[in-house]
Amino acid sequence: MTVTETHYTTLDSPLGPLLLTADPTGALSSLSVPGQRNGRTVQDGWRHTPDLFRAAQEQLAAYFAGELKEFRLELSTAGSEFRKRVWTALDTLPYGATTTYGEIAARIGAPRAAVRAVGGAIGANPLLILRPCHRVIGSDGSLTGYAGGLERKTTLLTLEGVL
């Protein structure tokens, strides 16, 4: 197994400090918030290289200012083929819209019984905000399960005009 160098930076945001990681090419591999379920924390050997994240910093600032509706950043995440299909479906969710776990399952051609697995893949999304898992809600319209916490999900959906 080869070890890939991990670069990181932290950015202030309305959700608290964001921890971004990237591979040596600058492709983003994670965006975590404090207290996030399965979120990342800085590890020994990581390189603090803020300049590598300039585009992400600018786009996130514009998003939080209500001026950006679609991120245009290179993403690099590892996961099973199933998770990648779910994450690709998340990538197509438009700003200011919501969908359900069942709709994501249908979109990727998974049976209705796969809703729990879809939820697991969404919960494992390593790129909060950038890959908009906050736009997935319960079939009854309730705000459910967000690795960054329901308060942050509410903040993001309010910013996007959903709530």
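Taking 0.36 nm per residue of sequence separation and removing the Cα-Cα distance, the residue 12/residue 42 pair yields an extension gain of 9.2 nm. Amide hydrogen proximity for residue 30: with H placed 1.01 Å from N in the peptide plane, the residues at 5 or more positions away or on another chain lying under 5 Å are 21.
Beyond 19 Å, the tail of the calculated P(r) for segment 1-91 holds 44 percent of the Cα pairs. With both partners inside the chain, how many of the DSSP beta bridges are antiparallel, as a percent to the nearest 5? Looking only at bridges with both residues in the chain, the antiparallel portion is about 60 percent. Accessible surface for segment 27-134, divided over its residues, is 52 Å² per residue with a 1.4 Å probe. With the simple spin-label model, which puts each label point 7 Å out from Cα in the Cβ direction, the residue 151 to residue 54 separation comes to 3.5 nm. Tell me, what is the FRET efficiency for residue 65 and residue 162 to the nearest 0.05, using R0 = 22 angstrom and their Cβ-Cβ distance as r? Plugging the Cβ-Cβ distance into 1/(1 + (r/R0)^6) gives 0.80.
Measuring nothing but how far apart in sequence close Cα pairs (under 8 Å, 6+ apart) lie, relative to its length, segment 44-163 scores a relative contact order of 24 percent.
Relative to the current alpha-carbon distance between residue 117 and residue 25, full extension at 0.36 nm per residue lengthens the span by 30.0 nm. Considering only beta bridges that DSSP places wholly inside segment 1-95, some 75 percent are antiparallel. Taking the average, over residues, of other Cβ atoms within 10 Å as the packing measure, peptides 134-142, 115-123 rank 115-123, 134-142 from highest down.
The values are calculated or read from the model by the stated rules, or taken from the named source; none is laboratory data. Please read all numbers here as calculations on a predicted model, not as lab measurements. Positions of Cβ are backbone-derived with ideal geometry, glycine not excepted, and every protein chain shown enters the neighbour counts. Please note that ligands, DNA and RNA were not included when accessible areas were found on the heavy atoms of the full protein model with its side chains. Shrake-Rupley method; radii C 1.70, N 1.55, O 1.52, S 1.80 Å.
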